[in-house]
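In what follows, a structure is listed as structure tokens, so that the remarks can point back to it.
The values are calculated or read from the model by the stated rules, or taken from the named source; none is laboratory data. In this text, all values refer to a predicted model and were calculated from it rather than measured experimentally. Glycine gets a Cβ as well: all are built from the backbone with ideal geometry, and neighbour counts include every protein chain shown.
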Amino acid sequence: MINNNRRKFVTFVGAGAVAVPVSALIGTLPSHAADMEMVNPEDPTAAALQYVVETEMEGKNCMTCALYNGDEEAGMCPLFQGKKVHATAWCSAYAPKA
Ligand code: SF4
């Protein structure tokens with residue numbers, strides 16, 4: 001019985017030791033997508049993917065891409081971590097929503 005309580009206590013303290021650093025890390029992340037800067041088409045990754053801020057291809061843009069998570073103005077794309085893409089943009093990794 002004593003060993004069981006000791007095990008629970010050690011597990012609880014260990015979980016707390018992990019939870020505090022994770023919460024500290026989350027506090028350093030941008031609190032909202034609005035805090036993030038936009039992808040620059042001249043960034044190496046963007047250039048490699050032929051990213052353009054405003055596509056001329058009718059109906060093919062970030063808004064209609066399966067990877068896009070945002071609104072009519074801007075949103076997140078997993079290919080550009082920590083930056084936002086324009087809803088009107090396009091890149092060569094475009095994948096139409098199902
Ligand atoms: S993969 Fe390309 S087209 Fe799709 S959301 Fe990301 S940047 Fe836009």
When region 80-91 is checked residue by residue, the ones that are farther than 13 Å from Asn40 by Cα and in contact with a Ser or Thr (Cβ under 9 Å, 6 or more places away or on another chain) are Thr88
Quick one: would you say Ala93 is modelled with pLDDT of 95 or more, outside any loop (DSSP other than H, G, I, E, B) and not charged (D, E, K, R)?
no
Residues of region 61-97 being among the aliphatic types (A, V, I, L, M) and within 8 Å of the ligand (Cβ to nearest atom), in sequence order, are Ala66, Leu67, Leu79, Val85, Ala89, Ala93, Ala95
Inside region 43-70, the number of residues satisfying the requirement of being touching a Gly at 6+ places or on another chain (Cβ under 7 Å) and either among the hydroxyl-bearing types (Ser, Thr, Tyr) or outside the structural domain of Gly82 (by TED's automatic domain parsing) (or both) is 1
